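Q: Have a look at this one before I ask anything.
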Amino acid sequence: MFSIFRRKKDSPSQPPAQVDSPEFTSGPIESPLLIDFAPRKIRYAGETQGAWFASYIHEAGLLVLDNDGGVQQQLPCPPVDRVVKVGDRLVGIDWQHAWGRRWGYSSAGDREHASGYDAMTGDRLWHKERGLGAMVAGKYALGRDKALPGTPYELFELATGKALWSVTTYEPATADDGTTLYLLEQSGKIRALDIATGHERWAVEPDAPRRNSGYLCRVLLPTEAGVWYVAHPEDEKALLICLDPSSGDVTEEVSFNGWVNNLVQVADGILVAHEFGVALLADRSLTPVIDNLPEATCRSDGSGLVSYSSDRTTLCWADAPTTNVSWCKLGDDWHGLRVDDGVATLSSDTKLLRWPLNYRPKNTTGPVEARLSCPSPDASDFEPAMVSFAGPALVTVQHESRGRLVVKIPNTGLAKGDSVAIGGFVVGPGGSSKPTAIEYRDGSGEQVRRYTGDAQPNDSEATEVGKLVKPKKAGVPKAIKKLVATLTEFGLIDPLSSADLRKLSQRIFPGGELDDSAAARVLQHLHGETGALSRGFLCHDWRFGQETDDVVAEFATCLTKESIEIAQLGQKPDELHVRTTIRGEENDAWADLSEGGLQALASFINRQLEAAGSEVRVHTLATDGDWHAYLIRPTAEASTMSASGLAGIEGVA
């Protein structure tokens, strides 16, 4: 196991630090710090009063860490998701949604139950079989033991499990201001309850344009001005609504042109995380803070902010929304993001990356290095064993009580019968443990300690964690403007406003780069599959035969101005019975789709158009996936489009 505590290097006789008043060996963190616990799997568990915590996932052990990534203490607490300080007690909470619940976003393997532990002793304080609805005011929680419809939630004390009152509610998004608990229910109803008594102070059911129902951006944010929430009265439109905390009456509304994902309070106002980035709401006006960061996840400690993109590749941070935001392209995939007291913490299975919000790189581009800390196994953790086999890639040892174990370390020079010590035991999902380190004497008699795989403790190295990048400009790239202008010129789309053009650019081309599929993607985004048939655009998934009974009719709609009529009479597997009428003369034929599917049908229709003497043809448009797109226009016009720079017209089908 890891060392129970580390003493200050200049004070060998100093006693171990206490959790409620840790004595760290360093000051505030000023640059990124990477702590690698491999091969142990861990999770960030929060911080309180200067101490911060990491919890093992598959074994007991709550680590108290300092700002150098060193282990100050290891507490005998079962695996937990978060640690909170309630009065004089540290409470470890084993609940998957301990950092905030998003109803409607569950997945296979989610842990529904919730338990609370005394972090110092590991004693269980309470258990809720059906989990929690929310944590409240830092010292309470809403929980229940049954999932039957109508089962009420109990408000209970986190430190003791004592129930205070109950309330019947359904999938509530919650927030509180210390004295009042606000509930935004799945139906859209908003309620205010007295935390001390459970008494309902008021309840409102907003009308349709102002109702937040379902699961889209279900968030409540109490501020000094009132309680804010978000409604989406129509597609791509949002209302930021403020309620009087004493009555629930609407006191303020602010319109936003787009989808809103979250609201976060800071000293300067409210951060609005939206589909394109983050904006600051202050004095009824919205100011961009981060642009061109799609579906940004935003966190704040009340003053600074940190945000990363939906694909978890770009990190943005600042110590205040009104200062310049720095950008970094991350080298790894980090699936967690928390912020407290000026430091953001990103998580992976075995690593934690600490990122100070006041970190200001000297340059705007170039690599970002983090100090690397790899907590090492303690010498007392090693246990004697005897080698039963030693090969070029691994060592098999026999342990008195643990039995036969494999240590995957190559080229040890050991032989059968040699005495060794094994340590760094890691517990896996099934509860079995395996060693990750071995000690032995080499041929010269020197004591050697070696580690498996990535378990190479080193407290002094630095490692690259990403590269600084310049913020993306909020404007629309010239290539996208030209593409839209060409599509507009030829009547494939209607003119777009500046706001709609910017939306389209950020939604479809967040990186600003176009390829041959750009025209098809824009047309599909604006029109869908069949919304532009009269304009001569048609698209379908490659499984078109399963999606519509009459694809021929869709092509026919694109050809209403031509002296030809086509209609589908019937179908067989891989064949369509089609009637073509040219200048009153009918011709029935079977179109064979066995080889080319929809592409074969397009070729069949082109042959009919040629027979009719039409200048129109079905032209193939390049796409970016398993779907087909077609442009039904005169060949000369398609050539003019290509000459105008419209890429992706691949010729007659």
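Laboratory data are not the source of any read-out in this text; all were calculated from the coordinates shown. All values derive from a computational prediction rather than experimental measurement. Neighbour counts are summed over all protein chains in view; Cβ atoms, including those assigned to glycine, are modelled from backbone coordinates with ideal geometry.
Q: Nearest 20 debye, what's the magnitude of the dipole of region 397-442 about its Cα centre given +1 on Lys and Arg Cβ and -1 on Asp and Glu Cβ?
A: The calculated dipole for region 397-442 is roughly 180 debye.
Q: Here's something else I'd like to know. Expressed as a rounded percentage, what relative contact order does region 502-653 have, with Cα pairs under 8 Å and six or more residues apart?
A: For region 502-653, the relative contact order is 24 percent.
Q: Here's another thing I want to ask about it. Please state the charge dipole magnitude for the chain, taken about the Cα centre, from unit charges on C-beta atoms (+1 on K and R, -1 on D and E), reported in debye and rounded to the nearest 20.
A: Its charge dipole is roughly 1440 debye.
Q: Sticking with this one: Sorted by mean Cβ packing within 10 Å, highest first, what order do the peptides 383-392, 608-617 take?
A: The packing order, highest mean first, is 608-617, 383-392.
Q: Sorted by mean Cβ packing within 10 Å, highest first, what order do the peptides 72-79, 415-422 take?
A: 72-79, 415-422
Q: For the chain, build the charge dipole from Cβ charges (+1 Lys, Arg; -1 Asp, Glu) around the Cα centre, then report which of Val289, Ala54, Thr530 sits farthest towards its positive end.
A: Ala54
Q: With only Lys, Arg, Asp and Glu charged, each at its Cβ (+1 for the first two, -1 for the last two), find how big the charge dipole of region 227-369 is about the Cα centre; round to the nearest 20 debye.
A: Roughly 620 debye, rounded to the nearest 20.
Q: Quick check: Cα centre of region 623-653 to Cα centre of region 243-295, how many Å?
A: Centre-to-centre distance over Cα atoms comes out at 42 Å.
Q: Convert each backbone phi in region 220-237 into a coupling constant with the Karplus relation 6.51 cos²θ - 1.76 cosθ + 1.60 (shift: θ = phi - 60°), then list the ³J(HN,Hα) values in order as whole Hz, x for Gly and Pro.
A: My calculation for region 220-237 gives 10, 9, x, 9, 5, 6, x, 9, 9, 8, 10, 10, 10, x, 7, 4, 6, 10 Hz in order.
Q: From the phi of every residue in region 616-629, what ³J(HN,Hα) in whole Hz does the Karplus formula 6.51 cos²θ - 1.76 cosθ + 1.60 yield, where θ is phi - 60° and glycine or proline is x?
A: Running phi through 6.51 cos²θ - 1.76 cosθ + 1.60 with θ = phi - 60° gives 7, 9, 8, 9, 7, 9, 5, 10, 10, x, 7, 8, 10, 9 Hz.
Q: Would you calculate the separation in nanometres between label points at Asp500 and Leu164, each defined as 7 Å from the Cα along the Cα-to-beta-carbon direction?
A: Each label point is offset 7 Å from its Cα along the Cβ direction, giving 5.2 nm.
Q: Over the residues of region 290-402, compute the C-alpha Rg and express it relative to 2.2 N^0.38 Å.
A: 1.58
Q: Let me ask something else. So if we plug the beta-carbon distance of Thr560 and Trp590 into 1/(1 + (r/R0)^6) with R0 = 22 Å, what FRET efficiency do we get, rounded to 0.05?
A: It comes to 0.35.
Q: Continuing with this model, one more query. Which value at 222 nm does the chain reach when only helices count, each DSSP H run of 4 or more adding -39,500 (n - 2.57), with the total divided by all residues and rounded to the nearest 500 deg cm²/dmol?
A: For the chain, the value works out to -3000 deg cm²/dmol.
Q: Here's another thing I want to ask about it. What are the equivalent ellipsoid semi-axes of the chain, built from the alpha-carbon gyration tensor (square roots of five times its eigenvalues), in whole angstrom, biggest first?
A: Sorted largest first and rounded, they come to 56, 36, 25 Å.
Q: Shifting gears a bit: What order do you get for 132-145, 190-203, 488-501 when each peptide is scored by the mean count of other beta carbon atoms within 10 Å, highest first?
A: Those peptides, ordered most packed to least, come out 132-145, 190-203, 488-501.
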